[in-house]
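What follows is a set of notes on a single structure, which appears directly below.
The values are calculated or read from the model by the stated rules, or taken from the named source; none is laboratory data. Keep in mind the model is a prediction, meaning the values are calculated, not measured. In this analysis, Cβ positions are derived from the backbone assuming ideal geometry, glycine residues included, and neighbour counts consider all displayed protein chains. When the accessible area is computed, the model is the full protein with side chains, heavy atoms only, and any ligands, DNA or RNA have been set aside. Shrake-Rupley method; radii C 1.70, N 1.55, O 1.52, S 1.80 Å.
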Amino acid sequence: MTTRNRPASALLRLGLFIALLAGVWLAARHLGVLAQFEPERLADLVRSARAVSWAPAAFVVIYAVVATLGLPGTPLTLAGGALFGAVWGTGLNWMGATLGATGAFFLARTLGAGAVRSLLGKHAKALDRFGDSGSFLAMLRLRLIPVVPFNALNFGAGLAGVKPAVYIASTAIGILPGTAVYTYFADALLSGVEGARQEAFVRVAIAGALLIALSFVPWLARKLGWISAALLLAVSPTVAPAQTPDHGPWDAMLKVHVSDGLVDYDAFGRDARFPAYLRSLDAVNPAALSEADRLAYWINVYNAYTIELINSRKERKSIRNINKRFGIPMKSPWAEPVVRAGARALTLDDVEHEIIRKEFDEPRIHVALVCAAIGCPPLRTEAYAGARLDEQLDDQTRQFLSDQRKNRVDVASRTVYGSPIFSWYREDFGGDLRGVGAFWARYFPAGEARDLLSSGNFRWVDNDYDWSLNIRPRR
């Protein structure tokens with residue numbers, strides 16, 4: 001678990017991302033680069049470029065850089081047709097556009113995604129739906145049907161967390177028809193300019209017909225229902241299969257790979273049931289579950305994927321070592337899009353802060369979510385289940401509060417020594433530490449300690465939080 005404060009580095013990266021795009025546009029305009037792509041100058045540019053032997057390779061590189069930085073690509077597509085003809089031009093345009101779209105995707109994903117989610121807060125669910133709708137067919141339709149501008153989709157897919165393989169494959173296939181039509185059109189126009197007027201007239205007519213046909217694709221797609229599917233991200237939540245979660249494999253693994261709250265991460269890494277269980281979580285539609293089953297589902301998702309994060313990074317010292325470079329944290333481990341649950345790509349922060357804390361008024365989740373540290377509450381040796389959730393959360397709370405190393409009440413000095421978890425999340429316990437005391441009092445037997453907690457008239461001291469990995473020692 002982390003505090004609600006989002007890393008300042010995410011906002012810094014977003015600022016860098018915006019500054020980079022703005023700087024490129026201003027520089028291109030100031031240096032006259034954009035003016036070179038004006039139609040009246042293209043003919044001279046084409047004649048000059050044809051004389052250069054390495055023009056095809058240079059063209060692809062230039063196209064890729066232009067598209068990566070979000071500059072207009074259509075003039076280059078037309079130039080490609082004029083320079084290299086319909087066949088070679090289509091191939092080179094396609095290569096440049098695909099490379100540029102991929103570059104823009106990773107640029108947005110690296111510099112902007114975390115900060116945009118932080119700024120959007122609860123409104124990031126729309127972005128999630130974009131990412132969740134990023135199946136191959138949905139992304140392919142967005143490329144085939146020009147309902148979203150090329151550059152906007154490049155950056156938007158990166159910000160939304162669409163899977164790279166899905167994005168690259170759908171882009172490579174989806175942009176090919178439009179690229180071929182525009183390239184053919186440019187080549188036909190240039191044929192007319194250079195003198196083959198009768199043949200050029202026929203080719204321009206064909207190209208025009210193809211462009212008109214291309215413009216009708218959105219209308220046809222709407223009739224077929226494709227646009228509503230492709231734009232599911234903007235108009236409605238993603239609906240996953242209504243499969244009931246089976247936490248049996250997770251329960252069985254917890255019983256053998258966890259003891260005294262400590263985790264045998266290597267055993268989880270070797271257990272074939274673990275990746276299968278993670279895949280099963282993605283096939284569940286949480287919205288179709290009862291409230292108790294839904295909360296149990298998300299707690300299990302968080303705890304299981306925390307183990308997956310630790311194992312995927314081969315970390316055996318502390319979760320906070322993840323994404324450190326030369327001892328400096330470059331990105332929060334809780335901001336890694338490692339989670340696939342309910343047909344959504346999520347981070348652990350998303351699961352905790354944007355789903356569990358916002359959808360459920362349940363402070364006991366803070367003793368159930370285990371962040372892979374010794375300072376955390378212990379990981380239970382059973383899965384959470386909706387039918388027993390209230391009983392399990394109460395038992396988990398009693399266990400955590402009874403650990404004198406992390407939580408204790410000194411009646412004589414009227415001081416409560418508690419886990420920082422309670423002060424970090426005091427908002428969820430009524431807004432202040434008095435609310436935390438009242439919460440503790442529910443789990444203390446009658447006596448002076450409970451009376452002190454109930455009164456709220458105590459001094460609170462945070463115990464040290466041990467971020468060492470909660471790993472089970474080798475036997």
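Quick notes on this structure:
- Considering segment 348-444, the qualifying helices (runs of 4 or more DSSP H), each wholly inside and each with 3 or more residues that are within 25 Å of residue 298 (Cα to Cα) and of a type in the set (S, T, N, Q), run over 389-401.
- Any hit, segment 101-113, residues being among the hydrophobic types (A, V, I, L, M, F, W, C), within 23 Å of residue 182 (Cβ to Cβ), open to solvent by 20 Å² or more (accessible area, probe 1.4 Å) and modelled with pLDDT of 80 or more: no
- Filtered residue count, segment 446-465, keeping only those that are in contact (Cβ under 8 Å) with a residue 24 or more places away in the chain, surrounded by 12 or more Cβ atoms within 10 Å (Cβ to Cβ) and not in a helix (DSSP H, G or I): 6
- Segment 260-277: number of residues that are in contact with a Lys or Arg (Cβ under 7 Å, 6 or more places away or on another chain) and open to solvent by 10 Å² or more (accessible area, probe 1.4 Å): 2
- Within segment 319-332, considering residues that are open to solvent by 50 Å² or more (accessible area, probe 1.4 Å) and in a loop (DSSP other than H, G, I, E, B), the one farthest from residue 355 (Cα to Cα): 326
- Selected residue (criterion: nearest to residue 356 (Cα to Cα)) from residues of segment 389-445 that are open to solvent by 30 Å² or more (accessible area, probe 1.4 Å) and polar (S, T, N, Q): 399
- Hits in segment 295-335 - residues which are under 19 Å from the mean Cα position of the chain (by Cα), among the polar types (S, T, N, Q) and within 27 Å of residue 273 (Cβ to Cβ): 303, 306, 312
- Test for residue 468: is it small (Gly, Ala, Ser), under 30 Å from residue 252 (Cα atoms), open to solvent by 30 Å² or more (accessible area, probe 1.4 Å) and at pLDDT 95 or above: yes
- Some residue of segment 296-317 being more than 30 Å from residue 386 (Cβ to Cβ), of a type in the set (A, V, I, L, M, F, W, C) and buried (at least 19 other Cβ atoms within 10 Å of the Cβ): no
- Only one of 339, 284, 370, 351 that is more than 17 Å from the chain's Cα centre (by Cα), hydrophobic (A, V, I, L, M, F, W, C), under 21 Å from residue 162 (Cα atoms) and crowded, with 20+ Cβ neighbours inside 10 Å: 284
- Hits in segment 74-102 (condition: within 13 Å of residue 152 (Cα to Cα) and without any contact (Cβ under 8 Å) to a residue 60 or more places away in the chain): 100
- Condition check for residue 443: farther than 18 Å from residue 361 by Cβ, out of contact with any Cys (no Cβ under 6 Å at 6 or more places or on another chain) and not aliphatic (A, V, I, L, M): yes
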